[in-house]
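Working notes for the structure below.
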Amino acid sequence: MRTAYSVETVRAAERELMARLPEGTLMRRAAGGLAAVCVRLLPRVYGARVVLLVGPGDNGGDTLYAGAKLARRGAGVTAVAMDPDRVHAGGLAALRAAGGRLDGAVPERADLVLDGLVGIGGRGALRPAAAALAARIPAGAVVVAVDLPSGVDADTGEVAGAAVTADVTVTFGAYKPGLLTDPGASRAGALHLVDIGLDFGAPEPGSGAPEMEALQHADVAGLLPEPTASSDKYRRGVLGIVAGSARYPGAAVLAVAGALRGGAGAVRYVGPPPVADAVLARYPETLIGTGRVQAWVVGPGLGDEGGPEVREALSQPVPVLVDADGLRGLDPGELRARAAPTLLTPHAGEAAALLGLPRETVEAGRLEAVRALAERYGAVALLKGSTTLIAPAGVGPVRVNPTGTPWLATAGSGDVLSGLAGSLLAAGLTAADAGSVAAYLHGLAARLTGGPLLAHQVAEALPRAWRDVARR
């Protein structure tokens, strides 16, 4: 499990550790790890042109000490300070002693640039001096962000104005939420975590607990519902699907495809006869009509006429996933009163409507938006997008999905995801686990398919993705 901690929690852990170590130990550890990554990124260190963009805080000190290590290995290192009167004194002395220099202008050419302008405590838009230096990063240089790209909010991933776009981010002690969720994640590039000895223990929720977490292969493998010798279709889970309409019959077909490929013991489709015929023609395994189910998926492709079906499903004492057209007009009070779990799976536009916000606000603050959805509706919220986020209905970290590809931005892919997540709900996974595992497998299937891809190809690749995870 990859975990991310808030700035406040990281700072507290740093203070606790620094009280037990000689002064400067953490900075030396951070600088050593940063320099080691830079060495791997350069074809050769001797003779390489390295530029350090240096802010006034400890982030700038980390950068200067790392630059000193590179200079001692023969790199030509030039530091450019955002404020020459507030440069970390020890770091600058170390750089000069190693043969590096402090200059007043960013060189026109560089092999590698270290962005040490603003650390994890930065908030809001970059100051003009920092923005000016960031704008002068030489074209073609490999850009390495120190702890996080300058201009990215470490706690939220929000970008208020100009920001550095890094090829690699070397972060210290723990991942920060802003590195895992867009728009910040798209600025971070490849992530490298340097262990500097921080200990976060196993705190109670809300007290030093992680803000975010990302499942890895082993975590997903441990959650996959595998049949046993005594399994039958009801023990494996029967999923009911209310989807599709005369206008959008394909939504039903794709949701059923995702459910059947997601391990459901059986899928029961409830919808108009022409759509049911289309589902049966593609998947004759499907059961048609009402009957016993362990979970419902409602909403994909219902159009404007799906209100009664959504309310009927929500009135039943089983888990319900609500997607697409089913999200219209949801009553927060009714959802909060449900005893059974609810999983909402909107994209940014649908989330904006549920929250009464402009879509741009949701896109700019995805982490805040998914938390607000979960809190307002008393449901697990899965916010689809470039970084898919899953927020619990109560206290706990938000999960971020690490798989996927931009090729998933295609019609019908969300319908496949709904069916897949629904099948996992019917199998007995919690709403948070069902959403997280479904997003992971869905994204992995898309990667295995390549692109350009069609939604039905994602469904067809799900068994391969499942096997890829299960054998780890």
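The values are calculated or read from the model by the stated rules, or taken from the named source; none is laboratory data. Bear in mind that the values here come from a model prediction, so they are computed numbers and not experimental data. Positions of Cβ are generated from backbone atoms using ideal geometry, with glycine treated the same way; all protein chains shown enter the neighbour counts. Note: areas computed on protein heavy atoms with side chains; ligands, DNA, RNA excluded. Shrake-Rupley method; radii C 1.70, N 1.55, O 1.52, S 1.80 Å.
Worth pointing out:
- Checking GLY265 against (1) modelled with pLDDT of 95 or more; (2) in contact with a helix residue (DSSP H, G or I) (Cβ under 8 Å, 6 or more places away or on another chain), the condition it does not meet: (1)
- Scanning the range 308-364 for residues that are among the aliphatic types (A, V, I, L, M) and in a loop (DSSP other than H, G, I, E, B), we see that the one that is nearest to the chain's Cα centre (by Cα) is LEU357.
- Test for ALA281: is it outside any strand (DSSP E or B), buried (at least 19 other Cβ atoms within 10 Å of the Cβ) and at pLDDT 95 or above: no
- Here the strands (runs of 3 or more DSSP E) wholly within the range 189-270 that include at least 1 residues being in contact with a Gly (Cβ under 6 Å, 6 or more places away or on another chain) are 190-194, 238-242, 266-270.
- Strands (runs of 3 or more DSSP E) wholly inside the range 1-116 that include at least 2 residues being more than 23 Å from GLY140 (Cβ to Cβ): 2-4
- Residues that are acidic (Asp, Glu), surrounded by 17 or more Cβ atoms within 10 Å (Cβ to Cβ) and in contact with a Pro (Cβ under 9 Å, 6 or more places away or on another chain) occur in the range 410-429; there is at least one.
- Failed criterion for ASP58 (all others in (1) under 15 Å from LEU148 (Cα atoms); (2) open to solvent by less than 40 Å² (accessible area, probe 1.4 Å) hold): (2)
- Screening ALA252, ALA243 for residues that are at pLDDT 95 or above, surrounded by 22 or more Cβ atoms within 10 Å (Cβ to Cβ), within 23 Å of GLN316 (Cα to Cα) and touching a Pro at 6+ places or on another chain (Cβ under 6 Å) leaves exactly one candidate, ALA243.
- Where VAL318 falls short, out of the listed (1) open to solvent by 20 Å² or more (accessible area, probe 1.4 Å); (2) farther than 22 Å from LEU223 by Cα; (3) in contact (Cβ under 8 Å) with a residue 12 or more places away in the chain; (4) among the β-branched types (Val, Ile, Thr): (2)
- Among the residues of the range 79-90, those that are crowded, with 16+ Cβ neighbours inside 10 Å and in contact (Cβ under 8 Å) with a residue 40 or more places away in the chain comprise VAL80, MET82.
- Looking across the range 429-468, the residues that are within 21 Å of ALA214 (Cα to Cα) and of a type in the set (Gly, Ala, Ser) come down to ALA431, ALA432, ALA434, GLY435, SER436, ALA438, ALA439, GLY443, ALA445, ALA446, ALA465.
- When the range 365-405 is filtered for residues that are assigned to a helix (DSSP H, G or I), open to solvent by 50 Å² or more (accessible area, probe 1.4 Å) and either in contact (Cβ under 8 Å) with a residue 60 or more places away in the chain or under 23 Å from VAL253 (Cα atoms) (or both), only GLU368 remains.
- Scan of the range 304-314 for residues that are open to solvent by less than 80 Å² (accessible area, probe 1.4 Å) and either at pLDDT 90 or above or closer than 15 Å to GLY422 by Cα (or both), ordered by number: VAL310, ALA313, LEU314
- Residues of the range 161-175 that turn out to be farther than 11 Å from PRO149 by Cβ, assigned to a loop (DSSP other than H, G, I, E, B) and open to solvent by less than 20 Å² (accessible area, probe 1.4 Å), as a count: 2
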